[in-house]
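Q: The following block contains the structure, expressed as structure tokens.
Nothing in this text is a laboratory measurement; each read-out follows from the coordinates by a stated rule. This one's a predicted model, so the numbers in the text were calculated from it and none came from an experiment. Reconstructed Cβ throughout: ideal geometry from the backbone, glycine too, with neighbour counts over all protein chains shown.
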């Protein structure tokens, strides 16, 4: 039986804790900058202590999935080369996280045959991206990596795509009244509604707490607003086994509302906040009016 995302997360977390890996290195590896001298020394020290197994640790820090040592060492070198190629193409620094996701997503077929005899389940290869253990949606880190990849593709091919930020209305009150177990159940139910409502190629992620994010590839502003409205309605009418719940959604479109990941996420977040300020249970698209001009407009779509 294939282990669930939660079981994989727990078992791999135990591995990393047992070896006392420098967890601070995880964030350093994900940043779009060169590693400091001290961080490079940490990697050298890691390889001396654990040999080829250290590359398994390093890839785990990037992907939260375990690759056999020999496979991991080969992948680490290829990801480094791929990062250099991406940087040369884009003429800017590219994070190791983005390089790893881009390389691994392109190499699934090759990796499957490469690791089949070395890992307990080839499902690890087919499920490379980080997953949130509670909802099994993509994680915050995975979403950011895919967003960078989508921006890179847009610069090369043109077109547009959209980012949606979602916040559950009144979730804190439900948590306070019914407890965190009920809150966790609702988060899983909302994640299931999201996954069943959007297209298969769209990226659903848990941003943190009761906030979610969506990346809608090849979407115009109108298509993104329509998709957001369908999702808002689907969550509103879902019974969620007895709990009534609504959602506020902010929409930002690249390149119209921003050409970088931070700008797009900020615009989507501001639009989501505007939707909440206007009473919740509605969709608002960037750019938004100043807060002083908000009026109650139930279920209205801005823009």
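Q: Test of understanding: what is the full-extension gain from residue 70 to residue 44, defined as 0.36 nm times their sequence separation minus their Cα-Cα distance?
A: Fully extending the segment from residue 70 to residue 44 adds 7.7 nm.
Q: Bin all alpha-carbon pair distances of region 140-293 at 10 Å intervals from 0 and give each bin's fraction as a whole percent.
A: 12, 43, 33, 11, 1
Q: Given Cα pairs under 8 Å that are at least 6 residues apart, what percent is the relative contact order of region 209-270?
A: 25 percent
Q: Just how far, in whole angstrom, is region 136-163 from region 201-271 if you go by their alpha carbon centroids?
A: Centre-to-centre distance over Cα atoms comes out at 14 Å.
Q: A follow-up question, please. Tell me the label-point distance for the pair residue 263, residue 220, using the 7 Å Cα-to-Cβ offset, in nm and rounded to one decimal.
A: Here the answer is 2.2 nm between the modelled labels.
Q: Below 8 Å, C-alpha to C-alpha, sequence gap of six or more: please give me the relative contact order for region 140-293 in percent.
A: This gives 29 percent for region 140-293.
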